[in-house]
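S.K.: Here you go, one structure.
The values are calculated or read from the model by the stated rules, or taken from the named source; none is laboratory data. All figures in this text were calculated on a predicted structure; none of them were measured in a lab. Cβ placement follows ideal geometry from the backbone for every residue including glycine, while neighbour counts extend to all protein chains displayed.
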Amino acid sequence: MKEKLIVIVGPTAVGKTALGVYLAKAFNGEVISGDSMQVYKGMDIGTAKVTDEERQGVPHYLIDIKEPEESFSVAEFQERCIPLIQELNKEGKLPFLVGGTGLYVNAVIHRFDFTIKPVDDVNYRKELEAFATKHGNEALYQQLRNVDPKATEVIHPNNVRRVIRALEVYHVTGVPFSEQQTEENQDSPYDVIMIGLTMDREMLYQRINERVDLMIKSGLIEEVKSLKERGIKNCQSVQAIGYKEIYDYLDGNCSKEEAIETLKQNSRRYAKRQLTWFRNKADATWFDMTSREKVEIFSEIRNFVEGKLTQLSK
């Protein structure tokens, strides 16, 4: 029998966190975060990290596992997530993968292959190493961005060895590294029940705006100041929405009001991209959060999951 996995996807601010906790409590489950930024310690407000109160005693994994200075990739997420799913199933717990980072979710569901293909061009590699030494990591990273922008979504600019390897793969094979690394299994190794949450666009945007206002009131600027005072800058973590905008304000590049408005705008655009991505890439059953009370929708989703689990057990 395949291991079971419940997946909850959807745009930011739609209600995934609350649903994950509700269903985990209903089905003896535990939650694995599928968010690429909640892995970072000390970055709580800007990532809308689930609080202890919101968890209601439900264990959550892959949260606060990295320092802000460290990089994190979809390959590492996959490497950490798969054993968790296996362990929870062994313990008779139902794993809930909850998050809005679509590539991370799909990398687990379809077991993307992140193995670097065996290529070798020593002279070209030495050229790149010399270029990085002379011109810096960012200039080398720009080379990769020019030929394979998708690869830069999963490779950090300071991971010079991996940047060089990706450029080498493209140089030798003519095929972008990103296309070689994301081969997927059409059939998931899991019995997946995927739930998608959606909402009327205007209502979702209003919720996002209100969430940003609440973040500011809750101390987002102070949180970013603390990171800045630690010397954390130009790291993968603080390029995230919610941090780069406030850094611009603290660096004197814009006013506080302009930073907040940009943050709202970037968050709305991100939600739109999430919805488009999941609609095209995710085989989910969708539930509209717009018109009914949350308790009614959650109850309907619970019945849906219960029915699916019953079918899988036959």
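S.K.: Exactly one condition in (1) in contact with a helix residue (DSSP H, G or I) (Cβ under 6 Å, 6 or more places away or on another chain); (2) crowded, with 20+ Cβ neighbours inside 10 Å; (3) closer than 25 Å to SER71 by Cβ is false for ILE193; which is it?
M.R.: With respect to (1) in contact with a helix residue (DSSP H, G or I) (Cβ under 6 Å, 6 or more places away or on another chain); (2) crowded, with 20+ Cβ neighbours inside 10 Å; (3) closer than 25 Å to SER71 by Cβ, ILE193 is out only on (3).
S.K.: Looking only at helices (runs of 4 or more DSSP H) that fall completely inside the stretch 231-314, which ones have 1 or more residues that are touching a Pro at 6+ places or on another chain (Cβ under 6 Å) and among the polar types (S, T, N, Q)?
M.R.: Ranges flagged: 256-281.
S.K.: To continue, here is another question. Looking at the structure I just gave you, is GLU127 in a helix (DSSP H, G or I), outside the structural domain of VAL212 (by TED's automatic domain parsing) and either basic (Lys, Arg) or modelled with pLDDT under 95 (or both)?
M.R.: Judged against the criteria, GLU127 is a match.
S.K.: Anything in the stretch 277-312 that is at pLDDT below 90 and of a type in the set (S, T, N, Q)? List them, or say none.
M.R.: If the condition is that a residue be at pLDDT below 90 and of a type in the set (S, T, N, Q), then ASN280, SER291 are the ones that fit.
S.K.: I'd like to check something: does the stretch 115-132 contain any residue that is surrounded by 20 or more Cβ atoms within 10 Å (Cβ to Cβ) and touching a Gly at 6+ places or on another chain (Cβ under 9 Å)?
M.R.: No, the stretch 115-132 has no match at all.
S.K.: I would also like to ask the following. For the list (1) without any contact (Cβ under 8 Å) to a residue 60 or more places away in the chain; (2) aromatic (Phe, Trp, Tyr); (3) farther than 30 Å from GLU245 by Cβ, I need the number of the one condition that TYR141 fails.
M.R.: (3)
S.K.: Then there is this: Take the stretch 18-48 and flag every residue that is within 15 Å of the chain's Cα centre (by Cα) and within 22 Å of LEU88 (Cα to Cα).
M.R.: VAL31, ILE32, SER33, GLY34, ASP35, SER36, GLN38, VAL39
S.K.: Any residue at all in the stretch 52-62 that is assigned to a loop (DSSP other than H, G, I, E, B), crowded, with 19+ Cβ neighbours inside 10 Å, of a type in the set (A, V, I, L, M) and at pLDDT 95 or above?
M.R.: Within the stretch 52-62, one or more residues are assigned to a loop (DSSP other than H, G, I, E, B), crowded, with 19+ Cβ neighbours inside 10 Å, of a type in the set (A, V, I, L, M) and at pLDDT 95 or above.
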